[in-house]
Amino acid sequence: MSRTFYIETFGCQMNAHDSEKVVGTLLQEGYTQVIDEADASLILYNTCSIRDKAEQKVFHRLDVYKRLQGEGKRFAVIGCVAQQEGTKIFDRAPHVTLVAGSSSYRNLPQMLDRLEAGEKRITGLDDRDTDETFDTEFTARNNPHRGYITIIEGCDKFCAYCVVPYTRGKERSRTSASVLAEAQRIAQMGYTEIQLLGQNVNSYVDPSGKRNFADLLSAVGEVPGIQRVRFTTSHPRQFTKDIVDAIAERPVLCDHIHLPVQSGSSNVLKAMQREYTREWYLERIAWIQAAKRDISITTDIIVGFPGETDKDFEDTITLLDAAKYDSVFGFKYSPRPNTPAIHMHDAIPEEVKVERLAILNARQREIQREHYARHMDELVEVMVESNTLNPRGQFTGRSSQNKTVNFTMEPGIEPPPMGSYLDVRIDKIFPSSLAGFAASRPKAASPALLAQQALNARFTSAAG
Ligand code: SAH
Ligand code: SF4
Ligand code: F3S
């Protein structure tokens with residue numbers, strides 16, 4: 001069989017972008033990407049283990065595909081479940097040949113050589129203490145309109161519930177010069193939107209000592225051709241006011257901050273080892289709310305952490321009212337292997353978690369319904385993200401605040417290209433989207449970006 005690969009990706013944007021780098025590395029090594037598992041000589045699963053018995057799901061999937069082994073296919077499990085379960089994967093799924101966590105991707109070319117030499121058990125599991133980052137100029141940019149750049153890998157926070165420090169290893173930043181060089185390459189490819197990535201972007205420490213996170217953010221915004229800069233995720237502990245000031249002053253920096261709070265109760269935050277209190281968090285929210293630009297705030301919340309009382313949960317609900325989030329990702333606490341919280345007493349029964357999550361979502365929906373009304377009649381600049389009409393005859397894009405905007409256009413006008421910008425007059429408000437009509441013609445996306453999209457279109461459906 002020729003050297004072809006199929007990759008499937010689960011998890012966060014960091015993982016999605018890791019897959020772009022892995023794909024680039026494989027293409028560089030002479031492999032060809034295919035969209036059907038049946039055509040692949042190498043099948044890769046880039047896995048996530050953040051919640052919900054993720055490892056069982058991976059084993060189940062591997063079981064299902066075991067029958068393909070007979071056709072001479074090789075299997076690789078990479079990402080967070082690979083790092084977490086390690087060589088246990090070979091025991092449970094003997095048809096797997098390669099198991100590697102994200103800290104080891106730098107060594108992928110060597111691992112691929114060993115795979116081709118016929119080795120049956122190849123691991124990349126021992127690099128979590130590294131200071132090195134996975135920088136590659138061969139990233140396959142599969143996203144049709146957004147260029148991702150990892151600025152910091154790993155996490156040193158060790159929140160009591162979270163697997164990430166164990167699966168992604170030690171926190172390590174790239175030099176600002178290498179980040180800026182990548183931003184320039186992305187701009188030359190025709191991308192106008194960049195998203196800086198890290199489990200904690202504001203823990204960023206430039207190894208060359210030149211720039212802090214806010215300076216780096218501003219510098220990326222100055223790269224010619226770049227019109228939107230986003231970043232995710234921020235940790236409240238190291239969230240500094242200069243980030244808010246940079247956004248307030250520079251329209252190129254998107255007016256959106258994702259600041260996960262996890263709980264509105266200082267007691268629960270302490271048990272979670274988040275290292276801040278409700279008051280500390282609300283002070284950061286107050287900075288954002290006082291900015292001269294309307295900056296959208298979103299968050300993540302875990303309900304049902306061990307020991308969470310009715311009063312603690314009530315504190316989370318009142319925090320929603322204070323922060324007036326534009327979007328909340330709510331999760332039921334899920335006990336994870338290796339984390340301290342798995343040994344904590346006072347587990348919350350599943351039905352209480354379900355109920356609390358429902359209450360949280362219902363309250364947040366009301367808040368969004370009221371709070372989105374501020375956009376009525378606004379002229380909002382939208383970047384087109386889907387140019388096939390939805391059943392209501394609308395195209396879809398996103399505002400700088402990261403809100404979904406569905407819009408109609410005058411009949412007879414060509415569909416706007418993905419990645420192009422236009423102004424939309426908002427005339428309808430929904431709890432999690434806005435709708436309106438195009439008030440300008442799209443500003444054309446660059447030919448380089450359109451060529452890139454055509455090249456990648458076949459594979460984007462494979463990204464999870
Ligand atoms: N680095 C980011 C979070 C990455 S994980 C941060 O610190 O904010 C994304 C989200 O998944 C977290 O914000 C948290 O809300 C949720 N999460 C992580 N571990 C979880 C667990 N064990 N159970 C439920 N939700 C969890
Ligand atoms: Fe997990 Fe906490 Fe690190 Fe975020 S900061 S990745 S929640 S340990
Ligand atoms: Fe999942 Fe790993 Fe991301 S656990 S959320 S893929 S860091």
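All of the numbers you see were taken from the coordinates with simple rules; none came from a lab. Everything numeric in this text was worked out from a predicted model, so none of it was measured. Ideal geometry is used to build each Cβ from the backbone, glycine not excepted, and the neighbour counts take in all protein chains shown.
What Cys residues in the chain are without a partner cysteine, judged by a Cβ distance under 4.7 Å?
If one checks each Cβ against the other cysteines of the chain, C12, C48, C80, C155, C254 turn up with nothing under 4.7 Å.
Could you please report the charge total around A435, scoring K, R as +1 and D, E as -1 over all other residues with beta-carbon less than 9 angstrom from its beta-carbon?
After counting each charged neighbour, the total is +1.
How large is ³J(HN,Hα) for each residue in segment 255-260, as worked out from phi by the Karplus curve 6.51 cos²θ - 1.76 cosθ + 1.60 (θ = phi - 60°), to whole Hz, x for Gly and Pro?
Calculated HN-Hα couplings, in order: 7, 8, 10, 9, 10, x Hz.
How high is the FRET efficiency from Q188 to E29, r the C-beta distance, R0 22 Å, rounded to 0.05?
For Q188 and E29, the calculated efficiency is 0.35.
As a footprinting exposure proxy, order I297, I247, I359 by other Cβ within 10 Å, with the fewest listed first.
Fewest-to-most ranking of I297, I247, I359: I359, I297, I247.
Of all the C-alpha pairs in the chain, what % are more than 34 Å from each other?
That tail contains 37 percent of the Cα-Cα pairs.
Please report how far the C-alpha centroid of segment 231-252 lies from that of segment 383-443, rounded to the nearest whole angstrom.
Comparing the Cα centres of segment 231-252 and segment 383-443, I get a distance of 27 Å.
Just to check I understand the Karplus step: with θ = phi - 60° and J = 6.51 cos²θ - 1.76 cosθ + 1.60, what whole-Hz values come out for segment 386-392, glycine and proline as x?
Going residue by residue, I get 9, 10, 9, 5, 7, x, 8 Hz, with x marking Gly and Pro.
Between the alpha-carbon centers of segment 109-167 and segment 271-322, tell me the distance in whole angstrom.
Their Cα centres are 31 Å away from one another.
So for segment 81-132, taking the charge dipole from beta-carbon charges (+1 Lys/Arg, -1 Asp/Glu), which of G124, N107, P94 sits furthest toward the positive end?
Final value for the positive-end residue is P94.
For segment 326-427, what are the per-bin percents of Cα-Cα distances with bins 10 Å wide, up to the bin holding the maximum?
13, 30, 22, 18, 14, 3, 0
Taking amide H positions as placed 1.01 Å from N in the peptide plane, with prolines and chain starts having none, which residues 5 or more places from S327, or on another chain, fall under 5 Å of its amide H?
The list, which skips near neighbours in sequence, is T299.
Segment 376-452: D in µm²/s via Stokes-Einstein (Kirkwood Rh, Cα pairs, 4 °C, 1.567 mPa s)?
Translational D for this selection: 105 µm²/s.
Please list, ordered by chain and number, the residues whose modelled amide H lies under 5 Å from the amide H of Q195; skip anything fewer than 5 residues away on the same chain.
Hits under the 5 Å cutoff: G147, Y148, I149, R230.
Check F75: other-chain or 5+ apart residues with amide H under 5 Å from its amide H, H built from backbone geometry?
Here the answer is I43, T97, L98, since their amide H atoms fall under 5 Å of that of F75.
Please report, in debye to the nearest 20, how large the charge dipole of the chain is about its Cα centre when each Lys and Arg carries +1 at its beta carbon and each Asp and Glu carries -1 there.
With Lys and Arg at +1 and Asp and Glu at -1, about 380 debye.
If you take the square roots of the eigenvalues of the alpha-carbon gyration tensor of segment 1-127 and sort them as a ≥ b ≥ c, do you get rounded (a/c under 1.5), prolate (a/b over b/c) or oblate?
rounded
Would you please put 441-451, 90-100 in order of how densely packed they are, using the mean number of other Cβ atoms within 10 angstrom per residue and starting with the highest?
Taking the mean over residues of other Cβ atoms within 10 Å, the ranking is 90-100, 441-451.
Wrap a convex hull around the Cα atoms of segment 146-372, take a quarter of its surface area, and give that in square nanometres.
12.4 nm²
Set the bar at 20 Å for Cα to Cα. Now go through K292/K324; K157/K270; K53/K157 and name every pair that lies beyond it.
Distance filter (> 20 Å) returns K53/K157.
Could you derive backbone 3J(HN,Hα) for segment 217-224 from the dihedral phi with the Karplus parameters 6.51, -1.76 and 1.60 (θ = phi - 60°), listing whole Hz in sequence and x where the residue is Gly or Pro?
4, 5, 5, 5, x, 8, 5, x
In whole Å, what is the distance between the alpha-carbon centres of segment 17-85 and segment 364-382?
Here the two parts' Cα centres lie 40 Å apart.
If packing is taken as the mean number of other Cβ atoms within 10 Å per residue, what is the order of 117-129, 70-82, highest first?
Descending mean neighbour count gives 70-82, 117-129.
Peptides 387-394, 347-354: what's the order by average Cβ count within 10 Å, highest mean first?
347-354, 387-394
Hey, rough spin-label estimate for T309 and L282, points 7 angstrom out along Cα→Cβ, what's it come to in nanometres?
Placing both labels 7 Å beyond Cα along the Cβ direction yields 1.8 nm.
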